[in-house]
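In what follows, a single structure is set out as structure tokens and then discussed.
The values are calculated or read from the model by the stated rules, or taken from the named source; none is laboratory data. Predicted model only: the values in this text are computed from it and were never measured. Ideal geometry is used to build each Cβ from the backbone, glycine not excepted, and the neighbour counts take in all protein chains shown.
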Amino acid sequence: MRRLLFLLLALSLTSCAPRLPSPTPPEPAATPLTLLDHGRFRLWYDCQRGEPHRFSFTLDKDQGHLPRVDNFRIDRSLPEGCMGQFSAKAYSTPKGYHRGHLAANNHFDDDRAAMDASNLMTNIVPQLASHNSRTWYQTELLTECYRDLRPVKVIGGVVFGHAGAALDNDAFVQSHGIATPEAFWKVLLTEDEHGQRQVIAWWIPHQAGLGTDLDPYLRSVRQIETALGRDEPPIEVPEQLKDQRPPHTWPLTAHCDRE
């Protein structure tokens, strides 16, 4: 009898004890990015969503003036099972968007094969016309200027959103199979006139009407890494330079070759 009473008491105490919360399930791991090597430039690409995430290349002094040819086309070199855009036509509905280059076509105007590769749709995203031709172009123009002084390493990318308000601008999923970026970013790594390494970086929201003043979008490389999140690989810049953030965007040089 005493044993039975002891068991009943133990069961009653167990039933009254607070339950520990269930462990939070781990977040799903980020999709690993696939490297697409186009020779003069490289892309890191999300095959599951069909989205480019990052690009990288190094430029020496500009010695080319090949004419631009807008031979946009689907990238048929993607690995099996890797999603890509299924149309190379203009982003026409709604109006006001360009086929925006990540690795700029004009940076490779000494090499027809590289220019052609830059027109593959894996290097192209929907980009607001004014953002492409004014704001983002300003970063490309600075790159063209400073490459004539010393080699410039260019690292950049785009950021996509897949929930909430980030879906509002995804007008080309049905027509092309790609979302529209929420932000663009770019890093330039080069040397100053004394041979000291210097870096400049921008995080630019994808909005119309931002103009050509890049100062509001200046960031340190570390700030960009933080904004990208832990799932993104680190930006290939020396650690001691990652906190540099100049007070103003570098000025355009006097004799910059803009072609």
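Just a few scattered comments:
- Cβ pairs under 7 Å, 6+ apart, first in the stretch 86-114 and surrounded by fewer than 20 Cβ atoms within 10 Å (Cβ to Cβ), second of a type in the set (Lys, Arg): ALA88/ARG73; ALA90/ARG99; ASN105/ARG68; ASP111/ARG40
- Residue within the stretch 77-91 that is closer than 29 Å to THR226 by Cβ, among the hydroxyl-bearing types (Ser, Thr, Tyr), modelled with pLDDT of 95 or more and over 18 Å from the mean Cα position of the chain (by Cα) present: no
- So ASP46, is it surrounded by 14 or more Cβ atoms within 10 Å (Cβ to Cβ) and either modelled with pLDDT under 95 or farther than 14 Å from LEU120 by Cα (or both): yes
- Residue count for the stretch 215-259 satisfying the condition of being over 29 Å from GLY161 (Cα atoms), polar (S, T, N, Q) and assigned to a loop (DSSP other than H, G, I, E, B): 1.
- In the stretch 237-258, the qualifying residues are those that are surrounded by 12 or more Cβ atoms within 10 Å (Cβ to Cβ) and charged (D, E, K, R), and the one that is nearest to ARG42 (Cα to Cα) is LYS242.
- Of GLN174, GLN240, GLN207, all but one fail to be under 19 Å from HIS98 (Cα atoms) and without any contact (Cβ under 8 Å) to a residue 24 or more places away in the chain; the exception is GLN174.
- Scan of the stretch 173-232 for residues that are under 18 Å from the mean Cα position of the chain (by Cα) and among the acidic types (Asp, Glu), ordered by number: GLU182, GLU225, ASP231, GLU232
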